[in-house]
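Since the structure comes first, as structure tokens, the remarks are kept for the end.
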Amino acid sequence: MNKTLLHVLYGILAVVMISVFAFKVFQPIQVLPRMQLAPAFSLIDQDNTPLTSEDLRGDFTLYTITYTNCPPPCYNINETMQEVQSRLNEAPLDGIEVNFVTISIDPDRDTPEALNAYARSIGADISKWRFATTTNKSLLKTIIGSGFETYYEDKGDGTFAFDPAFILVDGWGIVRSEYRYATEVSLPDRILRHLGVLAEEVHNSTGSAKLAYEAAHLFLCYAP
Amino acid sequence: MANKDKEDEEFRPTGTLAILAIFVVTLIAIWATIYMILVGRGGTL
Amino acid sequence: MSAHKMHVDSYERNWMIFSAVLLVVFATAVSVAAFGMGIQVPAPEQRVDPRTVATDPNSPWSNPGLREIAPGKYDAYILARAVPLWEYLPKELTVPAGSSVTFYVTSPDVQHGFKIQDTNANFMVLPGQVSKLTVKFDKAGTYNFICTEFCGAGHGIMYGAITVTP
Amino acid sequence: MNQYQVSAAEKKFIGSHILVAILALAVGSLFGPLQAFEHAGWDFYTYLKPWIKSYYQGLTVHGVLNALVWTTFFIMGFLTFNVIFGLKRPLKNPTLNKVGFWMMVVGVLAAAIPILANQATVLFTFYPPLKANWAFYVGLTLVVVGSWVEGWGLFMTYADWRKENKSERTPFVAFGSLVTILLWQICTLGVAVEILTMLLPWSLGLIEGVDPQLARTYFWFTGHPLVYFWLLPAYISWYAMLPKQAGNGKMFSDSLARLAFWIFLVLSTPLGFHHQYVDPGVPPAWKFIHSLLTFGVFFPSMMTAFTVIASLEHAGRKQGGKGIFGWIGKLKWSDPSVTSQLLAGILFFFGGIGGLANASYNVNLVLHNTAFIPGHFHLTVATAVTLSFIGISYWLVPYLTGRKLWQPAWARIQAWVWFVGMIIFSNSMHVLGLLGAPRRVPLGLAPYVPAEWNSRLFQVGLGGAILFVSGIMYLAVMYKTATNKERVESEVIVPIAEAMQDPAKSPVWLDRWAPWIYGTLALIVIVYGPQLVEQIANIALTSPGFRVW
């Protein structure tokens, strides 16, 4: 082969490799991993209206679990939900809606009426933040345990043991982030940053940029 | 340096291949045994 | 300097080709087990602060143990520690046969190991990191889990057991 | 026969490396059998309490002295000899090399004090947050930096040679030695960074904590190439010396041997994650890439197997060996140096098989940190390497001292005893590992040991006892040789096998350094860079130190 051509080919190869490497190291595009499919469900909310996983398609949804008799501060779950809601303008969402869903693990006591009263008592904006559950307890266990891989257990004395988890699901119904334990970064900050990353992917990954986003997935360029 | 003996030219390492064949058989047997233990114990995901 | 071609004996060339093929076969077998049968090595799960992981009430390791998250599906949060004594918390777990148990193990002090005998669960436990693997226990019996990394004077006595009931 | 005359001062300098190495082996090997005996239920540590506080302290002494000190000193001595003798010229700057040597000696002493005072019972992997006395880390740093300095002295010597011999091929023994030293200079950066940026400031109280995951990543950057730093000097001897000793054989393929060394240089560093397959903080994708590269570095070992055996077959046939295996018996088994190295090579076959199993990504789940691992590396570093070095010392020490090898028959039997002891020891360790026995555990006392392991544990003790006898025999032979009144009649002839094809006809690219060095660095950057950047960017110095021994 012609020597010049060979050098040109080596050059091109080097440029490609260096760009791939730089892409991985400097991570100009960051994404959230596609962890698994969120469960399909049908629950009843605080207004006694059905809430299904289909209703939430197309929007981002932040899920958490609790029960209204959980003695405050109850892992600061509500505070975190409220802080994220009040600071939503910090995330570049550009028109994408974010839903907040708190699933009660105590359907015996947390009737729609009880959930409604609870929502009011903590000053929740129920147009965005829904409180829901189902009286079918085995279905509830399957949705939360198998679907969201989150633990809860009725202790039988009116209290529940549970994992104070937050789960972020995208518009396609895919779990994109889970927040389970105390992390070093303040939780609302991290959730808001992730919402922004997710929104950017939705807005920008069109046409050839989609390939770049797929590359970010392939090279595990995950936002911390 | 190296003076090319005719003997060297004709030298065919047949014994080497025989030893290596025994080695390869042992290698496959031992490796496959451990691999089968792994597979027998099932997934971790 | 004049250019010389590399001289390779034909026997040796064949041996090299054979070696390469053999290694490709092994790599393929490994890939099939990893990506086809789901026999995978641990992936980064979560970072924690080893100074607070055992005491922070928001941390599952402040109250380690077995949790049924769905029928037949368990999470086992286990704390491996060398201080004050070399032990796993909890030391004993019981699950029914057929259960799938996901282990989440971390350490508040030094490095430990975690190997469940007769299963593929075998991993390092590092302070600041959470190690996660899943095991499906089909056969009843007692499965010891033992510490496989040197963690101080009591390393040799550090173990626990999973009882799988029929 | 006239051979290049190494000056008396240089012989003495090389000899002092060998002396420190053998002293380390002597002390370290005392403890090896104690671990093995403990497994068999004969716990001598209870009687050693006044001096050695625990099994683990003994294990630390054994690991540090045998795996790190014995090997590093022997290798630096042997490679220095190879460069001087191969290039036929004295060291360019002997003072520099002496400085390096004394740094290493001071380093060993600095590390030895806290180890013997039970202030550094952290085993030879010294994983934080186990926190040793700062002198231990200073000592390790000095050993590493000292070996760098010695390496620079050898590179300078080579640079001068190259200036005067522009178009010549580097003689093989010098070539292999220089590649080995280059590999060492590159790979030890990992452990140097680990100690200087984390462990030393932490042990001095300057920083509060360390990041254990990042520390492991740094450590294994060095940890696996370390294996090749041990092995390659043995390979040099097997390729270029053993065929000559075994029956005047020739090196079957000079150019493939050189190629193998280059592949070792390029591939031996960027695969360290294969020691971290079950670490929680490294993504499986990187582990998988490193596993493929590990398969890649197995390839030059397969090439080595062919070339070395073919060279030996050549020797055996020259001695009149007929048939497929007839040549084996015709090799010079009467020479203890040959016997040691042949037996080392035979056991290395099994070491290689175990190594490939360890390296096979998820297959490691069956073996990780089980007794299989020490079983494996007692075949590699403690036999392929150590028994080869023992064999080399059987001609090198008479060559350096001018004293006759004392009782060659003893030396020969010593090699066989080692061979037998190691078969028993390592076979039982491998089997125990497959049964699930963990490593680094006083299994004689462990509460979870089932009865079915007992027969194997006994074999571990038996193998250890036999190895102990062999070790004593080796030390006796060395001591009696070094003090032997009987001198060699004429200078010992250094066994250098010529190549079947004239090395001058091998391709030029096999004697160019730059492309291989660039390739090595590029590959390291590609397969280590992203993870290092990520782990360093997310560093969490949250682990305080613990002294739990």
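Residue under question is C:G113, and the condition is that it be part of a loop (DSSP other than H, G, I, E, B) and within 9 Å of another protein chain (Cβ to nearest Cβ); does it hold?
no
Report, by residue number, each residue of the range C:37-57 that is over 19 Å from the mean Cα position of the chain (by Cα) and either in a helix (DSSP H, G or I) or among the small types (G, A, S) (or both).
Once the filter is applied, which keeps residues that are over 19 Å from the mean Cα position of the chain (by Cα) and either in a helix (DSSP H, G or I) or among the small types (G, A, S) (or both), the range C:37-57 yields only C:A54.
So, in the range C:1-35, of the ones that are within 11 Å of chain B (Cβ to nearest Cβ), more than 30 Å from D:N364 (Cα to Cα) and surrounded by 15 or more Cβ atoms within 10 Å (Cβ to Cβ), which residue ends up modelled with the lowest pLDDT?
C:D9
Here are some conditions: (1) at pLDDT 90 or above; (2) assigned to a helix (DSSP H, G or I); (3) under 23 Å from A:I191 (Cα atoms). A:I12 meets all but one. Which one does it not meet?
(3)
Quick check on my filter: what residues within the range B:20-45 are over 12 Å from the mean Cα position of the chain (by Cα) and among the small types (G, A, S)?
Of everything in the range B:20-45, those that are over 12 Å from the mean Cα position of the chain (by Cα) and among the small types (G, A, S) turn out to be B:A32, B:G40, B:G42, B:G43.
Taking the options D:L232, D:L206, D:L214, D:L199, name whichever one is within 30 Å of D:L387 (Cβ to Cβ), of a type outside the set (F, W, Y) and either surrounded by 23 or more Cβ atoms within 10 Å (Cβ to Cβ) or over 25 Å from the mean Cα position of the chain (by Cα) (or both).
Step by step, each of D:L232, D:L206, D:L214, D:L199 is checked, and only D:L232 is within 30 Å of D:L387 (Cβ to Cβ), of a type outside the set (F, W, Y) and either surrounded by 23 or more Cβ atoms within 10 Å (Cβ to Cβ) or over 25 Å from the mean Cα position of the chain (by Cα) (or both).
Working only within the range C:116-149, note down all residues that are under 30 Å from D:K131 (Cα atoms), of a type in the set (V, I, T) and not in a strand (DSSP E or B).
C:V130, C:T148 - these are the residues of the range C:116-149 that are under 30 Å from D:K131 (Cα atoms), of a type in the set (V, I, T) and not in a strand (DSSP E or B).
Does A:N2 satisfy being polar (S, T, N, Q) and in the same structural domain as A:V175 (by TED's automatic domain parsing)?
In short, no.
Taking D:L405 and the conditions (1) assigned to a helix (DSSP H, G or I); (2) closer than 30 Å to D:E10 by Cα, which numbered condition does it fall short on, given that it satisfies the others?
For D:L405, the failing item is (1).
Suppose we keep only residues that are away from every other protein chain (no Cβ under 14 Å) and not in a helix (DSSP H, G or I) within the range D:22-61. Which one would you say is nearest to D:A111 (Cα to Cα)?
Restricting to residues being away from every other protein chain (no Cβ under 14 Å) and not in a helix (DSSP H, G or I), the top hit is D:W51.
Among the residues of the range C:17-36, is there at least one that is in contact with a Ser or Thr (Cβ under 6 Å, 6 or more places away or on another chain) and in a strand (DSSP E or B)?
no
For the subset of the range D:466-498 comprising residues that are within 21 Å of D:M241 (Cα to Cα) and charged (D, E, K, R), which member is surrounded by the most Cβ atoms within 10 Å (Cβ to Cβ)?
Per the stated criteria, the residue is D:E498.
Here's the yes/no breakdown for (1) buried (at least 24 other Cβ atoms within 10 Å of the Cβ); (2) within 21 Å of D:V122 (Cβ to Cβ); (3) more than 9 Å from chain D (Cβ to nearest Cβ):
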site: C:P90; (1), (2), (3): no, no, yes
site: C:L93; (1), (2), (3): no, no, yes
site: C:Q117; (1), (2), (3): no, no, no
site: C:N120; (1), (2), (3): yes, no, no
site: C:V125; (1), (2), (3): yes, yes, no
site: C:Q129; (1), (2), (3): yes, yes, no
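Filtering the range C:36-73 down to residues that are within 22 Å of A:M35 (Cα to Cα) and more than 9 Å from every other protein chain (Cβ to nearest Cβ), which residue is surrounded by the most Cβ atoms within 10 Å (Cβ to Cβ)?
Ranking the candidates gives C:G72 first.
Do we find that A:F21 is surrounded by 15 or more Cβ atoms within 10 Å (Cβ to Cβ) and closer than 20 Å to A:I167 by Cβ in this structure? Before you say what the answer is, go through the steps one by one.
On the way: surrounded by 15 or more Cβ atoms within 10 Å (Cβ to Cβ): yes; closer than 20 Å to A:I167 by Cβ: no.
The answer is no for A:F21.
With under 16 Å from A:N78 (Cα atoms), away from chain C (no Cβ under 14 Å), in contact with a Leu (Cβ under 9 Å, 6 or more places away or on another chain) and at pLDDT 90 or above as the only criterion, which of A:R120, A:R176, A:R130 stands out?
A:R130
Out of curiosity, is D:V64 within 14 Å of another protein chain (Cβ to nearest Cβ), touching a residue at least 60 places away in the same chain (Cβ under 8 Å), aliphatic (A, V, I, L, M) and part of a helix (DSSP H, G or I)?
It is true that D:V64 is within 14 Å of another protein chain (Cβ to nearest Cβ), touching a residue at least 60 places away in the same chain (Cβ under 8 Å), aliphatic (A, V, I, L, M) and part of a helix (DSSP H, G or I).
Among the candidates D:V420, D:V366, D:V431, D:V397, single out the residue that is under 21 Å from D:L34 (Cβ atoms) and either at pLDDT 95 or above or away from every other protein chain (no Cβ under 14 Å) (or both).
D:V420
Restricting attention to the range A:155-165, does a residue exist that is touching a residue at least 60 places away in the same chain (Cβ under 8 Å) and within 12 Å of the chain's Cα centre (by Cα)?
For the range A:155-165, residues touching a residue at least 60 places away in the same chain (Cβ under 8 Å) and within 12 Å of the chain's Cα centre (by Cα): present.
Need pairs with beta-carbon distance below 7 Å; first residue without any contact (Cβ under 8 Å) to a residue 12 or more places away in the chain and within the range D:143-155, second of a type in the set (S, T, N, Q) and part of a helix (DSSP H, G or I); sequence gap 6+ or separate chains.
So the pair list comes out empty.
The values are calculated or read from the model by the stated rules, or taken from the named source; none is laboratory data. Everything quoted here is computed from the prediction, not taken from an experiment. Cβ sites come from the backbone with ideal geometry, for glycine too, and all protein chains shown count toward neighbours.
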